[in-house]
Amino acid sequence: MNPYALSILLSSLAVGTITTLSSSHWFLAWLGLEINTLAIIPLMTKMHHPRATESATKYFLTQAAASALILFSTITNAWATGEWTIITMNDNTSTLILTIALAIKLGIAPFHLWLPDVMQGLNLATCLILTTWQKLAPMSLMIMTSHQLNTSLLITMAMLSTVIGGWGGLNQTQMRKMMAYSSIAHLGWMTLILSFSPNLTTLNLMIYLMLTSSMFLMMMTLTSTNMNKLSTSWLKTPLLASSMMVTLMALGGLPPTSGFLPKWLILQEMTKQHLGAVSTLMAMSALLSLFFYLRLSYAISLTTAPNTSNSNMTWRVAHSQMQVLPTMITLTTMMMPITPTLLATLN
């Protein structure tokens, strides 16, 4: 892609998200979401492949439907209450439609079906943007309106997301689909705690962004899009393969990695709210996700062929665009000791 066109599209992505984050009026927030959607579609179609075109079409249709629902819910709310500000969604019908619209935008179950198919048709860099940057604007709107959303609906969607996110990833061999189901499961955890502690949702979102970014950057370095390609990574880059294994453990939520921190705090908060059954179901559904992360770890580290590989030594190649990777891997594994600092910052 032309570097000038690429810089304009990436700038538009940044402008769209910042517009939504900084707005207090629904029309401006909606405008930011639209800029975001229109900016990423050319990035999706830059591969000139039928799968990429199909992904871009699916993404456009789902996001357009969600944007229409957001506009409809805000107009309904303005008609009922006379208010256009984001924090005054006092009409029950409007908040219900808004919750569904934002769930479609984010890919929360049962409105998740577009996400794995769209990601499978994209390159890894666009997948990285789709699973990280594109979540910021809709999630910020959910956090801003969290005190007015229907708690029962959010808990139901959260439980569905974690179960479907774990179940859907079990039999996958494609890395992009696996990361899509991983994203659905993580969004379920964020949705669960949204009504009770928006600060924990923000913390979970930050850690999710770091873990997912680390994973995609490593996949881009190894040019791995499926498990077969990933299984040769130990012979090419042992250090990066071991780092990927630790990142997968963090995504699964195993202590003492950073991924354990949000799950632990969320389950603690849920038991304080006397929702023991929900906490138990969420913890058990996290085991489904952990299984396919362990399966990937096994493919990376324990399936090394007994002979020397003839493939190029990736670690000898200078990856100038991957300079941020060591920092991301460090944050992925070592944020547990600074838990009190993080909580104090959010509160």
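What the table below lists for this structure:
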quantity: Test: residue in region 224-232 that is within 19 Å of residue 301 (Cβ to Cβ) and charged (D, E, K, R); calculated: yes
quantity: Residue within region 51-71 that is open to solvent by 80 Å² or more (accessible area, probe 1.4 Å) and within 21 Å of residue 137 (Cα to Cα) present; calculated: yes
quantity: Pick from region 8-50, criterion outside any helix (DSSP H, G or I) and either free of Cβ contacts under 8 Å to residues at least 12 places away in the same chain or open to solvent by less than 70 Å² (accessible area, probe 1.4 Å) (or both), ranking: nearest to residue 145 (Cα to Cα); calculated: 23
quantity: Residues within region 291-347 that are of a type outside the set (S, T, N, Q), in a loop (DSSP other than H, G, I, E, B) and either at pLDDT 80 or above or over 15 Å from residue 237 (Cα atoms) (or both), tallied; calculated: 4
quantity: Hey, residue 236 modelled with pLDDT of 90 or more and more than 14 Å from the chain's Cα centre (by Cα) or not; calculated: no
quantity: Single residue of region 96-127 satisfying the filter (among the hydrophobic types (A, V, I, L, M, F, W, C) and in a loop (DSSP other than H, G, I, E, B)) that is surrounded by the most Cβ atoms within 10 Å (Cβ to Cβ); calculated: 108
quantity: Residue satisfying all of: in region 193-213; in contact (Cβ under 8 Å) with a residue 12 or more places away in the chain and out of contact with any Leu (no Cβ under 7 Å at 6 or more places or on another chain); farthest from residue 344 (Cα to Cα) among these; calculated: 212
quantity: Where a residue in region 234-247 is without any contact (Cβ under 8 Å) to a residue 40 or more places away in the chain and its partner, wherever it lies, is crowded, with 21+ Cβ neighbours inside 10 Å and β-branched (Val, Ile, Thr), with Cβ under 7 Å and at least six apart; calculated: none
quantity: Tabulated pairs, region 156-169, first open to solvent by 10 Å² or more (accessible area, probe 1.4 Å), second not aliphatic (A, V, I, L, M) and not in a helix (DSSP H, G or I), C-beta under 9 angstrom, 6+ apart or interchain; calculated: 160/110; 160/112; 164/110; 164/112; 168/112
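One line per residue, one yes/no per condition, for (1) modelled with pLDDT of 95 or more; (2) closer than 26 Å to residue 124 by Cα; (3) within 25 Å of the chain's Cα centre (by Cα):
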{"residue": "31", "(1), (2), (3)": "yes, no, yes"}
{"residue": "51", "(1), (2), (3)": "no, yes, yes"}
{"residue": "58", "(1), (2), (3)": "yes, yes, yes"}
{"residue": "64", "(1), (2), (3)": "yes, yes, yes"}
{"residue": "70", "(1), (2), (3)": "yes, no, yes"}
{"residue": "79", "(1), (2), (3)": "no, no, no"}
{"residue": "88", "(1), (2), (3)": "no, no, no"}
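Every residue, every condition in (1) of a type in the set (D, E, K, R); (2) at pLDDT below 90; (3) under 18 Å from residue 127 (Cβ atoms); (4) surrounded by fewer than 21 Cβ atoms within 10 Å (Cβ to Cβ), yes or no:
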| site | (1), (2), (3), (4) |
| --- | --- |
| 229 | yes, yes, yes, yes |
| 248 | no, no, yes, no |
| 255 | no, yes, no, yes |
| 260 | no, no, no, yes |
| 272 | yes, no, no, yes |
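The values are calculated or read from the model by the stated rules, or taken from the named source; none is laboratory data. Since we're looking at a predicted model, the values are computed, not measured. When we count neighbours, we look across all protein chains shown, and the Cβ atoms used for this are built from the backbone with ideal geometry, even at glycine. Areas reflect the complete protein model, heavy atoms only, side chains present, ligands, DNA and RNA absent. Shrake-Rupley method; radii C 1.70, N 1.55, O 1.52, S 1.80 Å.
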